[in-house]
Amino acid sequence: MTKLNGIILYAALCFFATKGFAFNSVASTASDSPPSIGTIHFAPDRSAITLDAARILGPWVRYLIEHEDVRLKIVGHVENSAGTREMALPFSDKLALAAKAYLVRNHIAENRIDTIGMGKERPVCKAESKACDLENRRVELQIVSTGR
């Protein structure tokens, strides 16, 4: 694939992802282990699932389809500079709900996924910088129960 074709493909995937389409980019393989990456980062002032986030969520979709007894908790976090606690909590909820919506669009039952927003209460980076803001603006996927 040429660089130009790759750019056009990336632009098309981004466009369709913003319209609610979902893409699973990793080949399906049955596994008893959950995906190794459980953190998704978001662009500043955005709650849209990016192509990078979809690449992380794709293996989770397959894992959840293959393991119907697994329940998830998706925890949203925002950056230190997100304003007051009252402003930060709803936006962290919105990030968690965006990840949940992606999973639900990909045939994961809504009742298997709980969401919670933590606001800026649990930063992974405490410095006041744009780099830390990007690290802290995230959702984390956590397995909360299995039927085993």
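We did not get these values from a lab; they are worked out from the coordinates using the rules stated. Every value quoted in this text rests on a predicted model; they were computed, and no experiment measured them. Counting neighbours? That spans all protein chains shown, and the Cβs are built from the backbone with ideal geometry, glycine included.
Remarks
- The trypsin sites (Lys or Arg not before Pro) of region 84-132 that DSSP puts in a loop, and whose beta carbon has at most 12 other beta carbons within 10 Å, are 126.
- Among the GluC sites (Glu not before Pro) in region 83-148, those placed in a DSSP loop whose Cβ has at most 10 other Cβ atoms within 10 Å are 128.
- A quarter of the convex hull surface defined by the alpha-carbon atoms of region 84-144 gives 4.8 nm² as the mean projection.
- Phi to ³J(HN,Hα) by Karplus 6.51 cos²θ - 1.76 cosθ + 1.60 over region 73-84, Hz, x for Gly, Pro: 10, 10, 10, x, 9, 10, 6, 4, 8, 7, x, 6
- Per residue, the convex hull spanned by the alpha carbons of region 57-96 comes to 73 Å³.
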